[in-house]
Amino acid sequence: MSTSALTHHVRVLAPLGDRHDEILTPAALDFVGALAAAFGTRRTDLMKERRRQVLRLASGSPLDFPMVTSAVRADPSWRVAPPAPGLTDRRVEITGPPDRRMTVNALNSGARVWMADFEDATAPTWDNVIGGQLSLLDAIERRIDFTTPEGKEYRLGERLATVMVRPRGWHLDEEHLEYDGRPVPAALVDFGLYFFHCAQRQIDAGHGPYFYLPKLENRYEARLWNDIFVTAQELLGIPRGTIRATVLIETITAAFEMEEILYELRDHSAGLNPGRWDYLFSLIKTFGHRTDFLLPDRSQVTMTAPFMRAYTELLVRTCHKRGAHAVGGMAAQVPDKDPAAHEAALAKVRLDKEREAEDGFDGSWVAHPGLVPVCRRAFDDVLGERPHQIDRTRDDVEVTAADLLSVRRISGPPTAEGVRTNIAVALRYFAAWLRGQGAVALYGLMEDAATAEIARVQIWQWLRHRVIDRESVIEVLDDELAALGAEHPRAPVDDIRALFERMALVGELPLFFTPDAYSRHLVRRTEAGA
């Protein structure tokens, strides 16, 4: 392993790959080190507060809209900043990892926005993290065109999607960068490197440095991001308010603080977005010990379930009340070669996007370029020539704490098919993730880390409440591991099994699979020079 000592107590604890020196410049690492020095302790304290909140809720403390911030919710005078250049019309957004192929395809897809995802869709190998930064820099400089060994050409077109970057969540560290003897928070690495290299370039191109913020749990975590934005802009001489960020409301606690989160980020806010699988994952992590939060097969927990509908309608109302975009959830379908299956998948996407447009969302996500036209038509039919429908304030929506927590209305035992699907998907996603792939097509859907998380915590929840038995789970696990080994003979089946057992078959539920898998496998592979 090579170790390069750099200024500001930042060290690179990994081999430098091809062109890595273009990203890991002393000045860029100095900038990341300055952010770590200013905000690392606050981030650590907020992670401790997350654990305290888990204990409070597990001991019976009620979850409700905070009384202490009622004045913020009641004050009609404040609104978020107006839409930034390139973010006025967001009727179709595409998501995916910032590898070179996806970068070109997403920017050319016809979507208005591309979310370059360093979080759930990227397995954080060192090459993926720094290579993703190189992809973004090259795309902005329009030097990313390339031809594959098979002769397929990838070229940027004239009209490109606006770039938004999703850094990794607050719970993750970047083990390959060290500040003052400690790993640098991964969120600061992803944000800091992109902002340092690309913020002014994006401004010069007519847009700006825009972000998606994942897995926030409360207003204090939003306030931390806002303070980081203010400091980053000051350090580089960029006007305050140039950064814009959309927050993913994908934890149950954040659903009770949507207005507060917008308020904390109001000078830098670009709206809110719901994340289905992560939201259900959060719900189980928070209330999985209670029988009244026992979820059925995840395929049965659609966005029309009462508690999910309350969550999304509250999100639209909250955003539009404050002049912010509400961007809908993910369509993860992958176009199928079979015509009948393809049409069925498109019909499902069409219905989902039509519902969102009619509910008041200003746009929505897709995971594949082939879904862009379907999503665009659904929003075109509602929006017409208007860029959004923020003026539709949804004053008819009234959502209580009980509405957000009414899971028991759809509670039920799992099916054998649901158990097998969760195990099969989790194992195959773990296999892909451990070989460095964070977005993978499985059973007709483009899956990311959120899918693996909901799959494994459902198995844990069902085992905890004894609606399935451990012996049956082990039997299915054996079957699916054998199938996985046949599909991918080089897959580290023993490692995959051990990861699944640590994540789903234990008494105390691990909060995320990624820190464990990262520290045990990805860092080890980097040390070995893999």
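Closer than 24 Å to residue 98 by Cβ, open to solvent by 40 Å² or more (accessible area, probe 1.4 Å), of a type in the set (Ser, Thr, Tyr) and over 18 Å from the mean Cα position of the chain (by Cα), is that true of residue 179? Yes. Of all residues in segment 276-288, those satisfying the criterion of being out of contact with any helix residue (DSSP H, G or I) (no Cβ under 6 Å at 6 or more places or on another chain) and open to solvent by 10 Å² or more (accessible area, probe 1.4 Å) are 276, 285.
Taking the condition within 21 Å of the chain's Cα centre (by Cα) and buried (at least 22 other Cβ atoms within 10 Å of the Cβ), does residue 224 pass? Considered against the rule, which asks whether it is within 21 Å of the chain's Cα centre (by Cα) and buried (at least 22 other Cβ atoms within 10 Å of the Cβ), residue 224 comes out as no.
Among the residues of this structure, residue 262 counts as one that is crowded, with 24+ Cβ neighbours inside 10 Å and part of a helix (DSSP H, G or I). Taking (1) in contact (Cβ under 8 Å) with a residue 24 or more places away in the chain; (2) open to solvent by 50 Å² or more (accessible area, probe 1.4 Å); (3) of a type in the set (D, E, K, R) in turn, residue 89 satisfies each apart from (2). If only residues of segment 291-323 that are surrounded by fewer than 19 Cβ atoms within 10 Å (Cβ to Cβ), under 23 Å from residue 425 (Cβ atoms) and of a type in the set (Val, Ile, Thr) are counted, the one that is farthest from the chain's Cα centre (by Cα) is 304. Screening the candidates 142, 112, 166 for the property of being basic (Lys, Arg), out of contact with any helix residue (DSSP H, G or I) (no Cβ under 7 Å at 6 or more places or on another chain) and at positive phi yields one hit, 142.
Can you find a residue that is touching a residue at least 60 places away in the same chain (Cβ under 8 Å), open to solvent by 20 Å² or more (accessible area, probe 1.4 Å), in contact with a helix residue (DSSP H, G or I) (Cβ under 9 Å, 6 or more places away or on another chain) and under 23 Å from residue 390 (Cβ atoms) anywhere in segment 266-274? The answer is yes; a qualifying residue exists. For residue 227, the conditions (1) closer than 18 Å to residue 197 by Cα; (2) not in a loop (DSSP other than H, G, I, E, B) all hold with the exception of (1).
Can we say residue 39 is within 24 Å of the chain's Cα centre (by Cα) and buried (at least 17 other Cβ atoms within 10 Å of the Cβ)? So residue 39 passes the test.
Checking each residue in segment 58-84 for being modelled with pLDDT of 95 or more and hydrophobic (A, V, I, L, M, F, W, C) picks out 63, 65, 67, 68, 71, 72, 74, 78, 80, 81, 84.
Under the condition of being of a type in the set (Asp, Glu), surrounded by fewer than 16 Cβ atoms within 10 Å (Cβ to Cβ) and out of contact with any strand residue (DSSP E or B) (no Cβ under 6 Å at 6 or more places or on another chain), which residue from segment 138-160 is modelled with the lowest pLDDT?
Going through segment 138-160, the residues of a type in the set (Asp, Glu) turn out to be 138, 141, 145, 150, 153, 158.
Okay, now just the ones that are also surrounded by fewer than 16 Cβ atoms within 10 Å (Cβ to Cβ), so 141, 145, 150, 153, 158.
Then keep just the ones that are out of contact with any strand residue (DSSP E or B) (no Cβ under 6 Å at 6 or more places or on another chain); that gives 141, 145, 150, 158.
Details: 141: 96, 145: 93, 150: 89, 158: 92.
Here the answer is 150.
Within segment 393-433, the set of residues being at pLDDT below 95 and hydrophobic (A, V, I, L, M, F, W, C) comprises 407, 410. Scanning segment 95-137 for residues that are in contact with a strand residue (DSSP E or B) (Cβ under 6 Å, 6 or more places away or on another chain), β-branched (Val, Ile, Thr) and surrounded by 24 or more Cβ atoms within 10 Å (Cβ to Cβ) yields 95, 113. Note on segment 239-248: residues that are open to solvent by less than 10 Å² (accessible area, probe 1.4 Å) and touching a helix residue (DSSP H, G or I) at 6+ places or on another chain (Cβ under 6 Å) total 2. Condition first: in a loop (DSSP other than H, G, I, E, B), closer than 16 Å to residue 406 by Cα and not β-branched (Val, Ile, Thr). Can you find one or more residues in segment 306-327 that meet it? No: zero hits. When residue 326 is tested against (1) touching a residue at least 12 places away in the same chain (Cβ under 8 Å); (2) surrounded by fewer than 23 Cβ atoms within 10 Å (Cβ to Cβ), just one condition goes unmet, and that condition is (2).
If you filter segment 17-38 down to residues that are without any contact (Cβ under 8 Å) to a residue 40 or more places away in the chain and among the acidic types (Asp, Glu), you find that the one that is farthest from residue 137 (Cα to Cα) is 30.
Every test in (1) part of a loop (DSSP other than H, G, I, E, B); (2) within 26 Å of residue 319 (Cβ to Cβ); (3) open to solvent by less than 70 Å² (accessible area, probe 1.4 Å) is passed by residue 15 save one, and that test is (2).
When residues in segment 471-487 are screened for being touching a helix residue (DSSP H, G or I) at 6+ places or on another chain (Cβ under 6 Å) and either open to solvent by 40 Å² or more (accessible area, probe 1.4 Å) or not in a helix (DSSP H, G or I) (or both), 0 of them pass. Is it the case that some residue within segment 74-86 is open to solvent by 10 Å² or more (accessible area, probe 1.4 Å), farther than 24 Å from residue 369 by Cα and touching a helix residue (DSSP H, G or I) at 6+ places or on another chain (Cβ under 8 Å)? Yes, because at least one residue in segment 74-86 is open to solvent by 10 Å² or more (accessible area, probe 1.4 Å), farther than 24 Å from residue 369 by Cα and touching a helix residue (DSSP H, G or I) at 6+ places or on another chain (Cβ under 8 Å).
The values are calculated or read from the model by the stated rules, or taken from the named source; none is laboratory data. Quantities reported herein were computed from a predicted structural model and do not represent experimental measurements. Positions of Cβ are backbone-derived with ideal geometry, glycine not excepted, and every protein chain shown enters the neighbour counts. Only protein heavy atoms, including side chains, enter the accessible area calculation; ligands, DNA and RNA are left aside. Shrake-Rupley method; radii C 1.70, N 1.55, O 1.52, S 1.80 Å.
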